[in-house]
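Notes follow once the structure below has been shown.
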Amino acid sequence: EHYLKTDCIGIQLEAFTLPMLKEAKLFPELVNYLKQFGFYLSKQLIPHGSFDSQCECIFLKEDISWPEIEIIKKVYGL
């Protein structure tokens, strides 16, 4: 959590939309969790896996002007 608060500017992760794994947090819970650290969902890729049960998500930190953010946006087409 310290890293999320201080130095992390972007996260790419796989989020589950259906409860496929015991105790795995689902997509809405991840969005809400990361929001408290200043992240917003900038891109959600097309669901994949069993029953479209998971998707890749890209979260970026709100209101920062680091040059790296522009590189991330360019690479991911944001």
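Against the chain, whose longest principal axis is taken from its Cα atoms, helix 67-76 shows a tilt of about 40°. Taking all Cα pairs closer than 8 Å and separated by 6 or more residues, the relative contact order of the chain comes to 34 percent. Close amide H pairs (under 5 Å, H built 1.01 Å from N) link Lys43 with Ile58, residues at least 5 positions away or on another chain. The computed P(r) over Cα pairs in 5 Å bins from 0, in percent for the structure shown corresponds, within [x] 3, 14, 27, 26, 18, 9, 3, 1; [y] 3, 17, 28, 25, 20, 6, 1; [z] 3, 15, 25, 22, 18, 11, 5, 1, to [z].
Fully extending the segment from Thr17 to Trp66, taken as 0.36 nm per residue of separation minus the present Cα-Cα distance, adds 14.5 nm.
Got a number for carbon plus sulfur as a percent of the chain's accessible area, 1.4 Å probe? After summing per-atom areas, the C and S share lands at 56 percent. For segment 18-23, the Karplus equation 6.51 cos²θ - 1.76 cosθ + 1.60, evaluated at θ = phi - 60°, returns couplings of 10, x, 8, 10, 4, 6 Hz by residue, with Gly and Pro reported as x. Using a probe of 1.4 angstrom and keeping all protein chains present, the accessible surface of the chain works out to 70 square angstrom per residue.
The values are calculated or read from the model by the stated rules, or taken from the named source; none is laboratory data. The model shown is predicted, which means the values in this text are computed figures rather than measured ones. All accessible areas refer to the heavy atoms of the entire protein, side chains included, with ligands and DNA or RNA removed. Shrake-Rupley method; radii C 1.70, N 1.55, O 1.52, S 1.80 Å.
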